[in-house]
1. Return the total of residues in region 47-56 being out of contact with any Asp or Glu (no Cβ under 8 Å at 6 or more places or on another chain) and in a helix (DSSP H, G or I).
2. Out of Asp65, Asp59, Asp38, Asp27, which single residue is part of a helix (DSSP H, G or I), touching an Asp or Glu at 6+ places or on another chain (Cβ under 9 Å) and either loosely packed, with under 10 Cβ neighbours inside 10 Å or of a type in the set (D, E, K, R) (or both)?
3. Does Leu13 satisfy the criteria of being of a type outside the set (D, E, K, R), part of a loop (DSSP other than H, G, I, E, B) and on the phi < 0 side of the Ramachandran plot?
4. Looking at the structure I just gave you, is Glu68 at negative phi, modelled with pLDDT of 90 or more and more than 20 Å from the chain's Cα centre (by Cα)?
5. Determine whether Ile44 is surrounded by 10 or more Cβ atoms within 10 Å (Cβ to Cβ), in a helix (DSSP H, G or I) and of a type in the set (A, V, I, L, M).
Amino acid sequence: MGIERLKAEATALSDIERKELIGYLLDLGRKRKAEYWDRIAAKIEDNDPSKWVAEEDLDRALGLDRPET
């Protein structure tokens, strides 16, 4: 089955089915990149404030410090 057919099938899904599919795909990606997600989880669980990113730095990195256009 090609990607265009998969997209068409996904379009026909109900909201609940689409959310289930999204969850499945995210989980599949997580399993394929388990080491990456383990590193992310470790960073989230790290309570050492010296390793935290300042809110202003995060806003700047995400572009949240610029007005919406």
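1. Matching residues across region 47-56 total 4.
2. Asp59
3. On the way: of a type outside the set (D, E, K, R): yes; part of a loop (DSSP other than H, G, I, E, B): yes; on the phi < 0 side of the Ramachandran plot: yes.
So Leu13 fits the description; yes.
4. No.
5. Against the criterion (surrounded by 10 or more Cβ atoms within 10 Å (Cβ to Cβ), in a helix (DSSP H, G or I) and of a type in the set (A, V, I, L, M)), Ile44 does not qualify.
The values are calculated or read from the model by the stated rules, or taken from the named source; none is laboratory data. Note that the structure is a prediction, hence the values are computed from the model and not measured. Using ideal geometry, Cβ is built from the backbone for each residue, glycine included, and neighbour counts are taken over all protein chains shown.
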